1. Would you grab the residues whose amide H sits under 5 Å from the one on Thr17? Only those 5+ places off in sequence or on another chain, please, with H modelled 1.01 Å from N.
2. Between helix 18-31 and the chain, what is the angle of the helix's C-alpha long axis to the longest principal axis, kept within 0 to 90° and rounded to the nearest 10?
3. Tilt of helix 89-98 relative to the longest C-alpha principal axis of the chain, in degrees (0 to 90, nearest 10)?
4. Just the number, please: Stokes-Einstein D of the stretch 66-174 in µm²/s, Kirkwood Rh from C-alpha pairs, 20 °C, 1.002 mPa s.
5. Aspartates and glutamates near Lys109 by alpha-carbon distance under 12 Å, same-chain residues fewer than 8 away left out - which ones?
6. Volume per residue, Å³, of the convex hull around the alpha-carbon atoms of the chain?
7. Report, as a whole number in µm² per second, the diffusion coefficient that Stokes-Einstein gives for the stretch 31-74 at 4 °C and 1.567 mPa s using the Kirkwood radius over alpha carbon pairs.
8. Once amide H atoms are built 1.01 Å from N in the peptide plane, which residues 5 or more positions from Val130, or in another chain, come under 5 Å H to H?
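Bear in mind that the values in this text are calculations on the coordinates, not laboratory data. As the structure is a computational prediction, the values presented were derived from the model and not from experiment. Virtual Cβ from ideal backbone geometry, glycine too; neighbours counted across all protein chains shown.
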Amino acid sequence: MRYRSVIFDLDGTLLDTLDDLGAAVNYALQKRGMPLHTREEYATMVGGGVRKLVERAIEAGGVVDECLSDFMGYYTTHIDVFTHPYPGIVELLTELQDHGISLAIASNKFQEGADYLANKMFPGIRFTAVLGERPGAPLKPDPAIVGEVLRLSGIPREQTVFVGDSPTDMATARNGDVDPIAVTWGYGAPVAEMVADSVADLRALL
């Protein structure tokens, strides 16, 4: 293997979470008579954490905190209705783990949600770290999350790669001075020297 440690983004990279996220925001919007959004529209709004998602979805003048509270109430009880791993991802993670590769998740999803989905969707994978949005921890693209994974894995940054589906992920990798790999099956339009259009492509790059 080219790398000894792989850091993955979660939403849009390992898991397709968009339908559950969209349903939760639409629930909060519908309660206030605001216009709802489509899956395609939500694909342009995700990536900055749940507060930023709600801010982008509500009408100008909407009450963010109230909508966010309704979103969280709905989403935490419907987090895995439609969410699923992308085809081939479970097999790839298993193969990497079998080769002794350190695996980690670095996400802007709230920590409890990231933990729940990692455990539910990948029960056979022993992640070195599952890091999400936490009090006092800056969100991506701040490189602090990369530094935390490096500390926990004990693997040098030159042997670590960051895999994600958004420009934010690519910026996080560059800010953290690790190689980025952009995957094209998610929600963003990332730009990187190494690009994977399929899980097979990603396996070859790793």
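1. Close amide H contacts, sequence-distant or interchain: Gly12.
2. 20 degrees
3. So the helix axis and the longest Cα principal axis differ by about 30 degrees.
4. Answer from the Stokes-Einstein relation: 141 µm²/s.
5. Asp9, Asp11, Glu133
6. Here the figure is 109 Å³ per residue.
7. 120 µm²/s
8. Ile105
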